[in-house]
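Step one of this worksheet: look at the structure below.
Rule-based calculations on the coordinates, nothing more; no lab input. The structure presented is a predicted model; accordingly, all values stated were derived computationally and were not measured. With ideal geometry, Cβ positions are generated from the backbone for all residues, glycine too; neighbour counts draw on all protein chains shown.
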Amino acid sequence: MPKPYSKLPADTRSVGISTRTRSALPRFCEATLAYPPLPRFLLLVAFEWGSQRHYVESVRDPGPERSDPLYVDILKYHWTEENQHTKVDVLEIAKLARTMSPRELTAAFEGVQGLAGLVAETFVGQVDQELATFESAAGRSLAERERETLHEALLRSMEAIWAEVAMTHPSFKQVALELSKEGAAKLGIA
């Protein structure tokens with residue numbers, strides 16, 4: 001089976017993946033693939049709906065402040081792509097769910113929680129990268145208190161943008177509840 005990370009270019013720093021991140025990618029992929037397909041599809045579709053929601057709430061229906069038109073176009077096309085992904089993912093989720101017992105469906109949400117924990121770990125790593133980039137661009141090191149404050153703010157922001165927006169999307173909540181009310185409750189969905 002080909003490894004999903006094997007097609008990364010040899011030098012990916014130009015796209016924001018440092019040597020440290022690149023070396024962790026195989027471990028992240030292996031840990032993710034250790035989970036059954038249903039939890040992986042559930043988390044993936046949540047993130048895709050979260051990405052769409054981000055576009056709708058921040059760009060498509062903007063307030064008085066307008067974003068750069070090129071940025072708006074890029075996000076619009078990304079929204080279209082994510083919309084196609086969610087349709088296919090929901091079909092795959094339904095196909096997988098048809099073969100599972102109610103107990104197995106409920107257990108799949110424990111897998112979603114486990115995968116969400118893996119993603120949360122990547123947020124911490126990404127925040128560390130963001131701080132290193134800031135220090136490099138600013139040409140100075142942050143004081144320890146500054147670093148801690150900024151680290152915490154960036155981490156909360158990333159969690160809110162990705163995890164909370166995704167897991168609270170109405171379509172994700174509907175799919176979760178249709179699969180297993182007990183399982184959805186593990187994610188705080190009632």
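Per-structure values
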{"quantity": "Members of the stretch 111-141 found to be of a type in the set (A, V, I, L, M) and within 18 Å of residue 158 (Cβ to Cβ), listed by number", "calculated": "115, 116, 118, 119, 120, 124, 127, 131, 132"}
{"quantity": "Count of residues meeting criterion [charged (D, E, K, R) and buried (at least 16 other Cβ atoms within 10 Å of the Cβ)] in the stretch 160-189", "calculated": "2"}
{"quantity": "Test set (1) small (Gly, Ala, Ser); (2) surrounded by 12 or more Cβ atoms within 10 Å (Cβ to Cβ); (3) closer than 26 Å to residue 189 by Cβ - residue 117 fails condition number", "calculated": "(2)"}
{"quantity": "Matching entry among 136, 141, 157 (being over 15 Å from residue 45 (Cβ atoms) and not in a helix (DSSP H, G or I))", "calculated": "141"}
{"quantity": "Filter result for residue 46 (in contact (Cβ under 8 Å) with a residue 24 or more places away in the chain, surrounded by 18 or more Cβ atoms within 10 Å (Cβ to Cβ), among the aliphatic types (A, V, I, L, M) and closer than 20 Å to residue 168 by Cβ)", "calculated": "yes"}
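For (1) in contact with a Leu (Cβ under 8 Å, 6 or more places away or on another chain); (2) of a type in the set (Gly, Ala, Ser); (3) under 24 Å from residue 82 (Cβ atoms), each residue gets a yes or a no:
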position	(1), (2), (3)
151	yes, no, no
165	no, no, yes
170	no, no, yes
177	no, no, yes
186	no, no, no
189	yes, no, yes
